[in-house]
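Here is the structure we will look at.
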Amino acid sequence: MFELQRQHPAAALANAFDIIRANFITILILIFVGSGGREANFTLYWIIGTFLFLLIWGVISWYRFEFSVEEGELRIEQGVLVRKKLYLTSDRIQVIDISAGVVQRLFGLVAVEVKTAGSSSKEAKISAITREKAERLKKILRKNSEKSDDSQEAEPVSQHKIYVLDTKDLLIAASTSGRFGVALSVVGVAFSQVEQLISEEQMIRFVETIIPRSTNASMIAMSIFAVIAIAWLFSFASTIIKYYDFVVEVRENELLISRGLFERTQLTIPFNRIQAVQIKEELLRQPLGYASLVIESAGYGESEGNSTTLFPLLAKPQIYNFINEVIPDYQTEISENSTVPSVGLRRYLFRMLWISLPVILIVWGSIPYGVYSWFLLIPALLLGYQQYSDAEIARGKDTLILTFRLLSKTTAMVKKYRMQSCQVQQNPFQKRLDLSNLTVHVASGNQGRAFTVRDIGITKAMDYRTWLSNGKENNNISDDESHEPLNENFDDPDATR
């Protein structure tokens, strides 16, 4: 039993840093936008003032935060202006995660996050306590939380296994990370504000010093190269920090995933809460024969929704062996598969054409040598053809497998009994070609997760929909213009508890 007590005072600092980290990109953009002229001092004062305010707010929040455990129930009282009381009974607690961020590790502390399941799922976080207290708290709360009355149980793994991401694979994962696109956009915004720090004359003089016979074209090429190189370095470093010392521990009823360089995070995913498995082949990894495994879970996972990286990098020949060893319930033999008919190729090509044309026209009319942006049509059409080639739907005994591509290729494996809904959509252009889109939804976070294969044959789409609905006959399909989507819901005992 835990008597009513407060967290360690370091929780005040941890809460302040959590808010800053959540808004880091916004703060970074404000620094670059307001880093020139008189605005520089104002931006600096604004940042310092905001940090002091958050620190004071954190101290007050720490003082107003109290927790205890009585009769197997976690009770938390918190709130600066409004006092809130949260009660979590141990029989509804599904996951207790223990992590240690930068602040916690400085003081030898950990954070505890408690999650429940159900239609009114709740979660609570204790930001700073000693590891001994955290383990004792976890032990007390887990006494009554092991029971599960799910009607559909995932196949448990009997042996205790541990999988570790070695240094070589970590470096490959960092070098080919899909975070490159996000980093590129951030660095691009930063570079767009560089003229507030360095004048155009200074930049030209600097380039001429390095390359005496440089031209405007070489300056543009160097700028593009610099943006790409810096973005790649940011992507590389962030992946190393996130997946450093990545370990997957397979227990009897759950997976325990540990990772992180500065912030050591420990995630617990029960087998019976896994809703779907994704094989993601990033644009840079696919030619090298590598992919990552991602799982969707109902109420559990990382902060960005409920998608959790099960393993950051696996050679493609190893993927299905890994699935068979770690989550054997998702190992299935394909009995039937359907690809996009040849008439669907034109739709994939035209879709990429209409997406790329606005970008080309903007670049053509706004920057020197923008006429060369028309060469972007080539990779855009090649991507459209690759999207057409990769699109596929297959099924096994009780599993639907959807393969599709935006930039990265994704193969989603969904159990029939985990399906939340199935939707067949057909717009007037698809109707002329007997094509349609098939979308399935699973429980994941507040919004759920949807997987869509575009321009599949309407006959095949309706066949899969009927199979997913356990034989219920309904030949209606949705028309995008009528806004009356067919949405066949299926009960999933795990998704709402």
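Would it be correct to say that Thr459 is of a type in the set (S, T, N, Q) and in contact with a Ser or Thr (Cβ under 6 Å, 6 or more places away or on another chain)? Let's see the steps before the verdict.
Details: of a type in the set (S, T, N, Q): yes; in contact with a Ser or Thr (Cβ under 6 Å, 6 or more places away or on another chain): no.
No.
I'd like to check something: does the stretch 314-329 contain any residue that is hydroxyl-bearing (Ser, Thr, Tyr), closer than 21 Å to Ile456 by Cα and either modelled with pLDDT under 90 or surrounded by 13 or more Cβ atoms within 10 Å (Cβ to Cβ) (or both)?
Looking through the stretch 314-329, none of the residues is hydroxyl-bearing (Ser, Thr, Tyr), closer than 21 Å to Ile456 by Cα and either modelled with pLDDT under 90 or surrounded by 13 or more Cβ atoms within 10 Å (Cβ to Cβ) (or both).
Yes/no matrix, rows are residues, columns are (1) in contact (Cβ under 8 Å) with a residue 60 or more places away in the chain; (2) farther than 30 Å from Phe429 by Cα; (3) surrounded by 21 or more Cβ atoms within 10 Å (Cβ to Cβ):
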{"site": "Ala298", "(1), (2), (3)": "yes, yes, yes"}
{"site": "Thr332", "(1), (2), (3)": "yes, yes, no"}
{"site": "Leu361", "(1), (2), (3)": "no, no, no"}
{"site": "Tyr385", "(1), (2), (3)": "no, no, no"}
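When you go through Ala450, Ala380, Ala394, Ala412 one by one, which is the residue that is modelled with pLDDT of 90 or more and farther than 30 Å from Pro270 by Cβ? If you could, list the steps in order and put the result at the bottom.
On the way: Ala450 fails: farther than 30 Å from Pro270 by Cβ; Ala394 fails: farther than 30 Å from Pro270 by Cβ; Ala412 fails: farther than 30 Å from Pro270 by Cβ.
Matching residue, one of Ala450, Ala380, Ala394, Ala412: Ala380.
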Legend entry - Qualifying residue in the stretch 11-27 (condition: at pLDDT 75 or above and not in a helix (DSSP H, G or I)): no
Inset, instruction - Sort through Ser356, Ser373 and tell me the only one that's small (Gly, Ala, Ser), touching a residue at least 24 places away in the same chain (Cβ under 8 Å) and assigned to a helix (DSSP H, G or I). - result: Ser356
Inset, instruction - Select from the stretch 334-359 the residues that are within 27 Å of the chain's Cα centre (by Cα), of a type outside the set (Ser, Thr, Tyr) and surrounded by 14 or more Cβ atoms within 10 Å (Cβ to Cβ) and write down the one among them that is farthest from Thr459 (Cα to Cα). - result: Met352
Legend entry - Test: Val248 is within 27 Å of Lys138 (Cα to Cα), of a type in the set (A, V, I, L, M, F, W, C), assigned to a strand (DSSP E or B) and modelled with pLDDT of 80 or more: yes
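The values are calculated or read from the model by the stated rules, or taken from the named source; none is laboratory data. Computed from a predicted structure; not experimentally measured. Neighbour counts are summed over all protein chains in view; Cβ atoms, including those assigned to glycine, are modelled from backbone coordinates with ideal geometry.
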